[in-house]
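Presented below is the structure to which this report refers.
Read-outs throughout are calculated quantities, based only on the coordinates presented, and are distinct from any laboratory measurement. Every value quoted in this text rests on a predicted model; they were computed, and no experiment measured them. All Cβ positions, even for glycine, are placed from backbone atoms using ideal geometry, and neighbour counts span all protein chains on display.
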């Protein structure tokens, strides 16, 4: 599997939607998997932003993946691309293509966060590529998918802008790509190697009898020295080339567990960074008990979309019942003495307006429960206070 993002993102919504499904929604071997084409088109057309949508595809050499695996990959990709966002915060269209001899799962995302209307930026290459590339590596290894990074499967040479930061990784990627080009006959000499490197944006820094050095794509870093069969002065297309490719492929596959571990570590770190950014830029308004009116509690508490947690719903319902019971038990508000009553055993004390004292002593003095003189003395003290 490979993941590719398109450079397009401007123009009207009919552009990407019609390309994926056909102008009359009848493109041959195109299947709508998920999403609402009309809604996506309308969101793109209504966008006030310069780049109105993000699009791309997941491409597979395997054309017979089950629908279950395709659904899982689409869901997992959304989580990798938009961590921290819920499904109702963005819109996405998924369309399957099988008309190019391979399986493509194409996607289009309007660059709008649906709750706030703010600009949504799902993918910025330099910031997000490490996370998406790690996700791709994980899925290729976990599902045993055709791996384009395997030297035996590579179709071309990586460009300077797409290289990783590690010099050894750059060396390996370039060598594997050049070996594949040489195997196909596109490169037949060292001159062809240099030409291929320059065509992909690499600047040749130094050439010796046994190696070629290129300038590091990251400014300020040391040159990268390329050594081996391909870079030697007397390299020519011929015997030994296929052996070199097979050897590189075996080395790559033997390192699968380590690559999976590294990819998971990178993915976990990058997802947390992106999730924090999305939470900061696109926070959801939390629904609290205090923000709900009594008349809305039953309705909201019974909504499984808003409150999927049964315990939370039960707490809401319970609180609504308590409030209604409290209102039922309270004296009418027209009663000037309609205030909370505290049971102090033998007598009750109400607290009406501030600065007054009221004591209900009905039947108390006759009961013998309290010494009359002591009680009167205490009442006088409180009144003076």
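The residue 51 and residue 146 beta-carbon pair, evaluated with R₀ = 41 Å, returns a calculated FRET efficiency of approximately 0.85.
What FRET efficiency comes out for the pair residue 126/residue 24, r = Cβ-Cβ distance, R0 = 35 Å, nearest 0.05? The pair residue 126/residue 24 has a calculated efficiency of 0.35. Extension gain for residue 102-residue 4 works out to 33.9 nm (0.36 nm per residue, less the C-alpha to C-alpha distance). Along the Cα-to-Cβ line of residue 265, 7 Å from the Cα, sits a label point; which residues in region 115-145 have backbone N less than 15 Å from it? Counting only backbone N, you get 134. Set against the 2.2 N^0.38 Å expectation for a compact globular protein, region 30-119 has a Cα radius of gyration ratio of 1.13.
Estimate the FRET efficiency between residue 79 and residue 234 by the formula 1/(1 + (r/R0)^6), using the beta-carbon distance for r and 35 Å for R0, to the nearest 0.05. It comes to 0.10. A simple spin-label model places pseudo-atoms 7 Å from Cα toward Cβ; at residue 279 and residue 242 they are separated by 5.6 nm. For region 48-182, taking Cα atoms only, Rg and Dmax work out to 16.7, 53 Å respectively.
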